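Student: For reference, the structure I am asking about is given below.
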Amino acid sequence: MAEMTMARFHEIIIILYAVSLVFYFIDYLNTNKFAHRSAFWILSVVYIMQTGFLIATIIEKKQFPILSLYEGIYFYAWLLISLSMILQVFSKVGFAVFFLNVIGFIFMSIYTFAPMQIEQSPIGESLLSELLFIHITFAILSYAAFAMSLVFAILYLLVYKLLKEKKWTKQFGRLPSLHQAFTGMKVSIYTGIPVLLVSLILGIQWAIIALDDWLLTDIKIIGSFLIIILYSLVLFLQRRGKLTANDFAWANVFAFLFVIINFFLGSRLSQFHFWV
């Protein structure tokens, strides 16, 4: 029972950590105060939970828990989140905070789902299944976010065409404005990129633990990284003024076609995505 409780405790930390990363990504690309506050307070909850567990471990073992690699990984993850909290309170280096938390999230994932932890734990199989479940859930959520960017892109192009041709229909009033559709595209991408990154991190961790024979060059892994790069490039070009709003909408349409190709064809050609 204690093992299961601690497993759930660390899984909650992982999920909250991932959500805070999504909000940080939205904030640092779009300067959104709500996203910034949400990210900070969610990360504060994660920090309190990690610190509480660290203190409880010190009290239980009557020594500082850094004498093994496994304990050292947890302390390192805690140290990184501590540094990010200090930087956020006393400095304005937003991107440094974001990348520190990405690294911290990776090490926290390693600690929670480490091979040693899985093998020694009486609920190891359950942990492994839940790691896979979280990985797939975040992957599907990222695809949903990219689908939203496609929908807003199509709506943008439709409204743009109607305005250009001065065609007013009864349904026109139910369509979003160009600004709303454009904002919807950006917010959807801001959400999809970090969520897919989290899914990739957890998926690679699952493969390391569960599979004897797998390659980092697996077609599905490469395809997922390319999706992140593609959408990041689209955002970068738009922010640098290299893409007009109309071009940005079309770029979203074509980028989503790659998402569909990766989802179906990539899964078929993958060496270990056998549940598809």
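The values are calculated or read from the model by the stated rules, or taken from the named source; none is laboratory data. All values derive from a computational prediction rather than experimental measurement. No Cβ is skipped: glycine too gets one built from the backbone with ideal geometry, and neighbour counts run over all protein chains shown. Keep in mind that these areas ignore ligands, DNA and RNA; they rest on the heavy atoms of the full protein, side chains included. Shrake-Rupley method; radii C 1.70, N 1.55, O 1.52, S 1.80 Å.
Student: Please report the accessible area of His179 (heavy atoms, 1.4 Å probe, ligands and nucleic acids excluded) in Å², nearest 10.
Tutor: That residue has around 130 Å² of solvent-accessible surface.
Student: Find how much the distance from Arg240 to Ser82 grows on full extension, using 0.36 nm per residue of separation minus their present alpha carbon separation; answer in nm with one decimal. Provide the component values of the computation, followed by the final result.
Tutor: Numbers: separation 158, 0.36 × 158 = 56.88 nm, distance 3.33 nm.
Contour length minus the Cα-Cα distance gives 53.5 nm.
Student: Determine, from the Cβ-Cβ distance of Leu178 and Phe90 and an R0 of 35 Å, the FRET efficiency 1/(1 + (r/R0)^6), rounded to the nearest 0.05.
Tutor: On the way: r = 40 Å, r/R0 = 1.15.
Efficiency at R0 = 35 Å is approximately 0.30.
Student: Any chance you could run the full-extension gain for Leu211 through Asp247? It's 0.36 nm times the residue separation minus the Cα-Cα distance, nm to one decimal.
Tutor: On the way: separation 36, 0.36 × 36 = 12.96 nm, distance 4.22 nm.
Once the chain is fully extended between Leu211 and Asp247, it gains 8.7 nm.
Student: Could you please put Ser199, Ser38 in sequence from largest to smallest accessible area, using a 1.4 Å probe?
Tutor: Values: Ser199 0, Ser38 25 Å².
From most accessible down to least: Ser38, Ser199.
Student: For Trp206, Trp41, what's the largest-to-smallest order of accessible area, 1.4 Å probe? Kindly include the intermediate steps, with their values, before the conclusion.
Tutor: Numbers: Trp206 20, Trp41 160 Å².
Correct descending sequence by accessible area is Trp41, Trp206.
Student: While we're here: Consider a paramagnetic label point 7 Å from the Cα of Asn30 along Cα→Cβ; state which residues of region 184-206 have an amide N under 20 Å from it.
Tutor: 184-199
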